[in-house]
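One structure is given here, and the rest of the page talks about it.
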Amino acid sequence: MTGVVAAADCHIFSGCGFPAPGLQDFIWTPFFTVGQFSFTKPMLLAIVAALVVIVFFWLAFRKPKLIPGRMQSLGEMAILAVRDQILRPSLGRKGDSYLPFLVSLFFFIYIMNVMELIPVFQFPVTSRIGFVWPMVFTVYFVYLYLGFRHQGAWGYIRNMIPPGVPWPIYIILVPVELLRFFIFQPFTLGVRLFGNMFAGHLLLTIFTLATWYLLSLSVGLLYAAGSFALAIFVFVLETLVTLLQAFIFTTLTATYIASSVEPAH
């Protein structure tokens with residue numbers, strides 16, 4: 001990242017200005033390029049996150065036992081957490097067939113988020129919006145497919161509109177509801193995840209660089225200590241945000257699936 005490189009020998013009394021973090025800290029030099037395709041660090045981290053999820057659950061359940069070992073116990077705890085905290089409140093027991101999808105989605109997002117806090121990785125993949133939209137499109141493909149399958153095309157569209165409203169109100173209500181279902185909901189689903197991870201990583205980078213920039217054997221040491229304390233605070237906060245954003249994304253997905261399987265109105 002250009003900001004980190006620029007800050008390597010930059011202190012408050014060295015004559016250089018503060019290397020303020022910005023969008024340049026989210027742009028990576030490609031590892032390699034093939035034609036128009038460039039392979040960057042966020043792509044590598046996304047692959048690593050997918051492999052972590054696949055390998056973990058494969059190791060946990062490759063030889064399931066009646067009395068589970070350590071890995072199987074961890075895998076069962078992970079699945080039950082998603083089932084009891086996300087799936088069952090929205091879909092009930094009849095929604096257990098969607099559990100593999102929700103478990104995969106939750107842990108894939110969480111691992112990509114938590115990369116921000118792991119040394120060497122130190123970057124949340126979901127802070128790049130291009131990695132979020134494919135997940136949103138996948139969720140909405142499942143959402144629409146199940147809606148058309150269970151309610152029929154016309155029934156699904158009709159159930160998006162609240163019944164019992166005076167007919168002149170439908171002139172405004174129909175386009176608003178259709179925009180909500182097909183534009184606003186998918187947009188906010190993606191932007192919420194992206195925005196929180198982007199802002200969190202930017203804050204963590206700002207206070208970390210500020211700590212280094214203010215570090216000196218003078219009054220700057222006091223300011224550096226304050227910035228370091230804030231960096232630790234943001235780090236701890238991000239440990240919660242990484243989990244919370246995965247939880248919110250998956251919970252909304254379960255809610256959307258529920259509204260497709262059974263009409264909300």
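The trypsin sites (Lys or Arg not before Pro) of the range 64-115 that meet both conditions, a loop assignment by DSSP and at most 11 other Cβ atoms within 10 Å of the site Cβ, are Lys65.
Which value, in debye to the nearest 20, describes the size of the charge dipole of the range 27-165 about its Cα centre when Lys and Arg Cβ atoms bear +1, Asp and Glu Cβ atoms bear -1, and nothing else is charged?
My answer is approximately 360 debye.
When the chymotrypsin sites (Phe, Trp or Tyr not before Pro) in the range 29-81 are filtered for DSSP coil states and for at most 12 other beta-carbon atoms within 10 Å of their beta-carbon, the remaining sites are Phe31. Each of Phe61, Asn113, Val48 was placed along the dipole of the range 30-144 (beta-carbon charges, centred on the mean Cα), and the one lying farthest toward the positive end is Phe61. Taking 0.36 nm per residue of separation and subtracting the Cα-Cα distance, full extension of the segment from Leu237 to Met71 would add 56.9 nm.
Residues whose amide H lies under 5 Å from that of Met160, counting only those 5 or more places away or on a different chain, are absent; hydrogens are built 1.01 Å from N in the peptide plane.
Taking the charge dipole of the chain about its Cα centre, with +1 at Lys and Arg Cβ atoms and -1 at Asp and Glu Cβ atoms, the residue from Leu99, Thr33, Thr188 reaching farthest to the positive side is Leu99.
Across the range 45-51, coupling constants 3J(HN,Hα) worked out from phi with the 6.51/-1.76/1.60 Karplus curve, θ = phi - 60°, read 5, 5, 5, 4, 4, 4, 5 Hz, and Gly and Pro carry x.
Each Lys and Arg contributes +1 and each Asp and Glu -1, all at the Cβ; summed about the Cα centre of the chain, the dipole is approximately 840 debye. Our estimate of slack between Ser216 and Arg149, defined as 0.36 nm per intervening residue step minus the Cα-Cα distance, is 17.6 nm. Which residue, Ile27, Ile47, Ile171, has the most motion in a Gaussian network model of the chain that connects Cα atoms within less than 10 Å? So, out of Ile27, Ile47, Ile171, the one fluctuating most is Ile171. Residue ranking by accessible heavy-atom surface, 1.4 Å probe, largest first, among Ile67, Ile183 comes out as Ile67, Ile183. Around the amide H of Ser216, modelled in the peptide plane, lie the amide H atoms of Leu221, all under 5 Å away and 5 or more residues distant in sequence or on another chain. Applied to the range 115-127, the Karplus parametrisation 6.51 cos²θ - 1.76 cosθ + 1.60 on θ = phi - 60° returns per-residue 3J(HN,Hα) values of 4, 4, 9, 9, x, 6, 5, 6, 7, x, 4, 6, 7 Hz, with x for Gly and Pro.
Classified by the C-alpha gyration tensor, the range 56-140 has an oblate form. Its axis ratio a/c, with a ≥ b ≥ c, is 1.5 or above, and a/b does not exceed b/c. Here the calculated FRET efficiency for Arg158 and Thr188, from their Cβ-Cβ distance with R0 = 30 Å, stands at 0.80, rounded to the nearest 0.05.
Taking 7 Å steps out from each Cα toward its Cβ at Cys16 and Glu262 produces label points 6.1 nm apart.
With θ taken as phi - 60° and the Karplus curve 6.51 cos²θ - 1.76 cosθ + 1.60 applied, the whole-hertz 3J(HN,Hα) list for the range 192-205 is 4, 5, 4, x, 5, 6, 4, 5, x, 5, 5, 5, 4, 5 Hz, x standing for glycine and proline. Modelled label positions at Leu80 and Ile47, each set 7 Å beyond Cα in the direction of Cβ, lie 3.6 nm from each other. Rg and Dmax, both from the Cα atoms of the range 69-211 and both in Å, are 19.6, 63.
Can you give the convex hull volume per residue for the Cα atoms of the range 112-172, as a whole number of Å³?
140 Å³
For Lys94, no lysines have a Cα closer than 24 Å to its Cα, not counting residues fewer than 8 places off in the same chain.
Mean separation of Cα pairs under 8 Å and 6 or more residues apart, divided by the residue count, gives the chain a relative contact order of 26 percent. Note on Ile118 and Ile54: the model spin-label points, each 7 Å out from Cα along the C-beta direction, lie 1.6 nm apart.
Restricting the calculation to Cα atoms, the chain shows an Rg/Rh of 1.07 when the hydrodynamic-style radius is the Kirkwood one.
Each residue was assigned an accessible area with a 1.4 Å probe, and for Val174 the value is about 50 Å².
The values are calculated or read from the model by the stated rules, or taken from the named source; none is laboratory data. What you see is a predicted model, and the numbers here were worked out from it, not measured in a lab. Cβ atoms come from the backbone with ideal geometry, glycine included; neighbour counts cover every protein chain shown. Note: accessible area is taken over every heavy atom of the protein model, side chains too, but ligands, DNA and RNA are not part of it. Shrake-Rupley method; radii C 1.70, N 1.55, O 1.52, S 1.80 Å.
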